[in-house]
Amino acid sequence: MRIRTHARRLGVVLASVALLLASGTVTNAGDPSRVTLVKGGYFDIKGMRQSFGALAGRPTLVVFWASWCGPCIDEIPSLNTLHERFGARGLRVLGLSVDFIAPAETERLAKKHAMRYDVGAAEPELVIEFGFQAIPTSYLFDGQGAFVKRYTGAPPLSVLQADIEKLITPGSTT
């Protein structure tokens, strides 16, 4: 039963992707260097659409994940560590689910897995815009919203910490 549900969701996502690509509305598909945090958005766990523009001014790690993805779940403690270590210094960690489920279900999953960083749901257009082909996939942006680095799979915590440290000035709160 669960496999059928995931297959149905995947079918909906693929159909959405095909329609968006055919319409020509997505221009950056597969090129993260052209993606910035000033356009696009996501849904928070209350179901409200949020703009990436609101994230500008803070280094941000955007992590695409799914509830059925083992490596995504395994990565949660590292993301919690990043949030705890760098959050007060300006970093925002944002986990965006690609499950395409109701916001209340995303919130339930965030609580179940003890996610202590911001969590929301990716719009299908956003998934295409970022152009990733595996999850987890993470994108690091600087304080101006410019793309810095993509991580396919769950990178070692030490790699993420070193890259984030380069973006954050000691004592910075912005």
Of 116-125, 47-56, ordering from highest average Cβ density within 10 Å down gives 116-125, 47-56
Taking r as the C-beta separation of residue 146 and residue 51 and R0 as 25 Å, the FRET efficiency to the nearest 0.05 is 0.90
So how do 107-114, 144-151, 89-96, 75-82 stack up, highest first, on mean other-Cβ count within 10 Å? 89-96, 75-82, 144-151, 107-114
Along the range 148-158, Karplus-curve 3J(HN,Hα) (6.51, -1.76, 1.60; θ = phi - 60°) to the nearest Hz, with x for Gly and Pro, reads 10, 7, 10, 10, 9, x, 8, x, x, 3, 4
Once you compute Rg and the Kirkwood Rh from C-alpha atoms, what is the Rg to Rh ratio for the range 93-174? 0.98
What residues have an amide H closer than 5 Å to that of residue 50, excluding those fewer than 5 places away on the same chain, when H is modeled at 1.01 Å from N in the peptide plane? 42, 43, 44
Per the 1.4 Å probe, what fraction of the accessible area of the range 61-174, in percent, lies on carbon and sulfur atoms? 55 percent
Considering just Cα atoms, how many Å³ per residue does the convex hull of the range 46-142 enclose? 97 Å³
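The values are calculated or read from the model by the stated rules, or taken from the named source; none is laboratory data. In this text the structure is predicted, and so the values were computed from the model without any measurement. With ideal geometry, Cβ positions are generated from the backbone for all residues, glycine too; neighbour counts draw on all protein chains shown. The area values use the complete protein model at the heavy-atom level, side chains included, leaving out ligands, DNA and RNA. Shrake-Rupley method; radii C 1.70, N 1.55, O 1.52, S 1.80 Å.
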